[in-house]
Every structure is written in C-alpha cells, then in structure tokens.
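The values are calculated or read from the model by the stated rules, or taken from the named source; none is laboratory data. Just so it is clear, the structure is predicted and the values come from calculations on it, not from any experiment. Counting neighbours? That spans all protein chains shown, and the Cβs are built from the backbone with ideal geometry, glycine included. Only protein heavy atoms, including side chains, enter the accessible area calculation; ligands, DNA and RNA are left aside. Shrake-Rupley method; radii C 1.70, N 1.55, O 1.52, S 1.80 Å.
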Amino acid sequence: MTYIVYAAAPIPEPPLPPAFDGFRHRWTGWDGTSFDLSVPTAGVQLLQDGITGMHMPEFDQYMDEHASVDGARYRGSRTRVRNPEWTLGIFGDSSKEWRARDRSLWHSLHQDHPGLWTVSDPDGVSRSLTCRYRSAPEVPYARDPMRAGWAVHQVTLLAVNPYWEGAPIHSPIWGNTESPVNFTGPSDSAPDFYISGATSIGSAAMTNPGDVDAWPTYTAKGTGTGLTSVRIQAAGGDMFYGPVAAGSTLRIMTDPTAPLATLDGVDVSGAVSPWDPRPIPAGETSPLLVTLVGQGTLQASFT
C-alpha cells in the first residue's frame, strides 16, 4: 500500500537587507525648486563620476619664521571656500519634458542667490551646504539634446561658507513669566510700586556636537509687563541690553561674519553694551549665565 503525505511548502527566509546603501542628494534652488538628484526617474540625476565637495575643506595655515629660531610659530588657520563639482544628467521622455526640466534646473542655479545642497545618510541624518552657481563649461553636443532627450553637464558651485551644516540646535526656553508684585500693597495710600521679577539661570549650558566653533543666536521676548534688561554671559564674554517691551522680540546674532542685534526687526546693535560674545567651542559644553529682569523669555540656538 502506498501512502502520500501532503505538507505545506516551506516559508522562504526574508531577504537580507543590503550591507551598503548610498547617500541621497537633493538640490533646492534659490527659487524654491527642488530636485531629488538620486532618483533616475526624476529626470535630473547626479552622476557618481566626479562629485567633489563632500570631504574635508582646504585650509590656509599661517606661521612666523625667524632666522635665529628653529622651526616656526604657528599663528592659526583659515578655511578656504569650497568649489563643489557635479556631473548632472538631464533626461526626458519627450522633447517638451526634457526642455521643461532643463530650463527649471538652470533657473534654480544662480550666481548671486544661493541654494541648498542636502546630503542624507542611509540612517536619515542630513547635512546641507549653501551653494551658488559658479560655472558650467560649454558642452559639444554629439546629438541635439532636444531630439535625444538627454544631456550631461559638468557644474561647478561656490560655497563661501565651506562647512556642512546639520539641523539647528535649540536650548530650552528660559525665563520668568510671573506677574510683578505691588510692593506697597492694596491698602497702602502710597502710589503703586511694582518690583520686577528677576531670573538668573546659572546652570544653563549648550553643547556643540560639531567640528567647528558655533556662534549662537539669542532670542529674547518680552511678556506681561516686559523685560527691564537681558544679560548673557558665556565663556568669559558679556552682553547686556534693555528694555524689551511686552510683545517685542530682541534677536542677537553673534556670528562675527554678520554680527547684528535687532528689536522687532530694527537694528539696535549699538545699544548692546558691552558687546563681547563668545562661541561655543567645537565638541564642548559651554556654561551660560542668563539674567532676565522682568517678564520674558530667552532661547539660544545655533547650527
């Protein structure tokens, strides 16, 4: 006698995830147009041959040398601008589609107005480099690109800020929003006299996980009866300003390449006295002493 046993087919093992994955590139032009440069079907693709600008920047290093002293004294360094290079392929399924993509791409690249080149790791971490258009050599077309539906261009960009930037880092919001107390009391015949609250945050600190020193932007907002004064002390530096009325916003940008303080958009840099900001050193945690007199808040942020 013959017996036949029926059994379910074995369930195949799921495929292993790929051991390696690549970067994702996106270009956002000055006009807001965005291109996913890593997807061939998007029509504008960043070809892998010849990409530059993603590694270490170049530096100028300065030294003093003397005839009677061996070696030299190191004086410091300066990071040069970057000139990233791309090899871009522009593709289309018809002459009309190719022409629209070609025009849109070149309109998004401008010599005066910067765009943003964003590169994302496989784990989702993104960094961006602000770039302007610099040049693209003339291409000797072997075929009419309108007829062929494709063209390849070598593009050179200009990044005056040579550092790749991550997402902005924001401190907690520090402040005092309690209403001031009438010092004379409700039954006293003397005129009302309110004492503004004072908030001193001596345990505040910010950590800079980047590779270069970061210059924070401080944003103070008046609430309730407003702030009488704002004082920020960091790494031996000191800045003082006052007052900030209720509903007003004071913004102090300490970047030495574009230092500026504004109150509701109006330049008040000359009224910040002393003006002695300090950066948050690369890879370090910098303590901050924030003193707010009155009602309001303050937050620090940097990229």
Query raised in the report: Out of region 105-140, which residues are open to solvent by 50 Å² or more (accessible area, probe 1.4 Å), more than 20 Å from PRO162 (Cβ to Cβ) and hydrophobic (A, V, I, L, M, F, W, C)?
Result: TRP106
Query raised in the report: For the subset of region 259-290 comprising residues that are in contact (Cβ under 8 Å) with a residue 60 or more places away in the chain and touching an Asp or Glu at 6+ places or on another chain (Cβ under 6 Å), which member is surrounded by the fewest Cβ atoms within 10 Å (Cβ to Cβ)?
Result: ALA282
Query raised in the report: With respect to the numbered conditions (1) assigned to a loop (DSSP other than H, G, I, E, B); (2) in contact with a strand residue (DSSP E or B) (Cβ under 9 Å, 6 or more places away or on another chain); (3) open to solvent by 60 Å² or more (accessible area, probe 1.4 Å); (4) at pLDDT 80 or above, which one is the sole condition not fulfilled by VAL212?
Result: (3)
Query raised in the report: Only one of these conditions is not met by GLY236: (1) surrounded by 14 or more Cβ atoms within 10 Å (Cβ to Cβ); (2) under 18 Å from MET206 (Cβ atoms). Which number is it?
Result: (1)
Query raised in the report: In region 81-95, which residues are open to solvent by 40 Å² or more (accessible area, probe 1.4 Å) and either in contact with a Gly (Cβ under 6 Å, 6 or more places away or on another chain) or at pLDDT 95 or above (or both)?
Result: VAL81, ASN83, GLU85, PHE91
Requested in this report: For region 96-113, indicate whether the set of residues that are assigned to a strand (DSSP E or B) and either at pLDDT 95 or above or under 30 Å from ALA148 (Cβ atoms) (or both) is non-empty.
Outcome: no
